[in-house]
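Working notes, structure below.
The values are calculated or read from the model by the stated rules, or taken from the named source; none is laboratory data. Since the model is a prediction, treat every value here as computed from it, not as a measurement. Neighbour counts are summed over all protein chains in view; Cβ atoms, including those assigned to glycine, are modelled from backbone coordinates with ideal geometry. Please note that ligands, DNA and RNA were not included when accessible areas were found on the heavy atoms of the full protein model with its side chains. Shrake-Rupley method; radii C 1.70, N 1.55, O 1.52, S 1.80 Å.
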Amino acid sequence: MAARSKNPDLDARPKRQAANRTSGLKNLIVKFCLDRGADLVGFAPVERWDEAGEVPPDFRPRAIWPPARTVIVMGMEMPLPIVETTPSIVHKELYDTSNRELDQLAYDLTRYLNRMGHASFFFPRDGYSSLRALRENNFAAFSHVMAAKYAGLGTIGASHNLLTPEFGPRVRLVSVFTSAAVPPGPMLDKELCIKCEACAKCCPKRAITMRKDRVIGDYDKTACLEMTEELTARRCYPCGICTKVCPVGKDRLLYKQAGIMKKYLKEAEALAANPDDPEYKPWSHVRKYGVPTAKK
Ligand code: SF4
Ligand code: SF4
């Protein structure tokens, strides 16, 4: 049996040292991620999936990889002026770039942690090979959105997107599973979604239906997938209109885009009446080039 000192300060020392070690590791991880371009970093202890009970058991981190103790979630911003041009080739290029950067960051962090002796691996930001795969089974093996919520990065809005205080839903995510117990931050205790209905009203497929009894709306995955199929045929996916119109996010202040909601809500109708409507010219100009036109 280990000897115990009579001095409570000395008794507490090993615990404090362990806490210092784990918070030291946390600082190293945060610095690593921020230095390599992450805009957001959060830490979700795997117990949060079990406590919340929202995610089916097979989709929880410990079911996927039993040694997991923490899921590290990283986010990168999708700049609003590009998202506003969706569907367009520049939006697709941004999507591809952010995905590539996120996977590279997660791969690098995985190896960084492994080199320090903390067994880790990463879950790439998208997990499907083709749209046919989604037609057959429209589910991901692991949800970065739920991981980000448990890591305290945001809350889930009516649109089923993760809403963050910094960028609203205009953020892409990736996750690293690690066997290290990293001290978590708190989860957000206030819903960010203000139930403004903009996502439901502007969705071209009417895939989102608001619910009176809860924040998260009903979501027609098949209707949303149809939109992706149409845009993929034109090489200008993803749709992302629900991320464009969401008023949540401090990025709107940076881009001085507060109070633009009316313009979003009228866009489809205005462009159907006049494809050259001058109010929408900057976006419709970008959309015109680099992709085939939509079939009527
Ligand atoms: S991505 Fe497009 S089609 Fe899908 S829910 Fe959002 S707005 Fe609707
Ligand atoms: S657009 Fe409005 S209703 Fe939809 S997620 Fe954002 S805040 Fe919520």
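Descriptive notes on the structure:
- Pairs exceeding a 24 Å alpha-carbon distance, out of K221/K250; K205/K262; K212/K263; K31/K190; K201/K281; K201/K263: K221/K250; K212/K263; K31/K190.
- Its DSSP H runs of at least 4 residues, each contributing -39,500 (n - 2.57), put the calculated 222 nm mean residue ellipticity of the chain at -13000 deg cm²/dmol, to the nearest 500.
- Gyration tensor verdict on the chain (Cα atoms; rounded if a/c is under 1.5, prolate if a/b is larger than b/c, oblate otherwise): prolate
- Per-peptide packing, taken as the mean over residues of other Cβ atoms within 10 Å, places 35-44, 20-29, 146-155 in the sequence 146-155, 35-44, 20-29 from highest down.
- One decimal place: the segment D39-R135 gains 31.3 nm when fully extended, by the rule 0.36 nm per residue minus the C-alpha distance.
- Short-range pairs are left out: with C-alpha atoms under 8 Å and at least six residues apart, the relative contact order of the chain is 22 percent.
- Projected label points at V215 and T22, each 7 Å from Cα along the beta carbon direction, are separated by 2.6 nanometres.
- Extension gain for K190-E279 works out to 28.5 nm (0.36 nm per residue, less the C-alpha to C-alpha distance).
- By average C-beta atoms within 10 angstrom, highest first, the peptides 176-189, 212-225: 176-189, 212-225
- Euclidean distance between Cα centres, segment 230-296 to segment 116-165, Å: 25
- Rounded if a/c under 1.5, otherwise prolate or oblate - segment 110-164, Cα gyration tensor axes: oblate
- A straight chain from A268 to D50 at 0.36 nm per residue would run longer than the Cα-Cα distance by 74.2 nm.
- Residue-by-residue Karplus 3J(HN,Hα) for segment 162-176, coefficients 6.51, -1.76, 1.60, Hz, glycine and proline x: 6, 9, 10, x, 6, 10, x, x, 8, 8, 10, 10, 8, 10, 10
- Nonlocal amide H pairs with G37, under 5 Å, H built at 1.01 Å: none
- When the chymotrypsin sites (Phe, Trp or Tyr not before Pro) in segment 264-296 are filtered for DSSP coil states and for at most 12 other beta-carbon atoms within 10 Å of their beta-carbon, the remaining sites are Y289.
- Using a probe radius of 1.4 angstrom, the carbon and sulfur fraction of the accessible surface of segment 155-272 is 57%.
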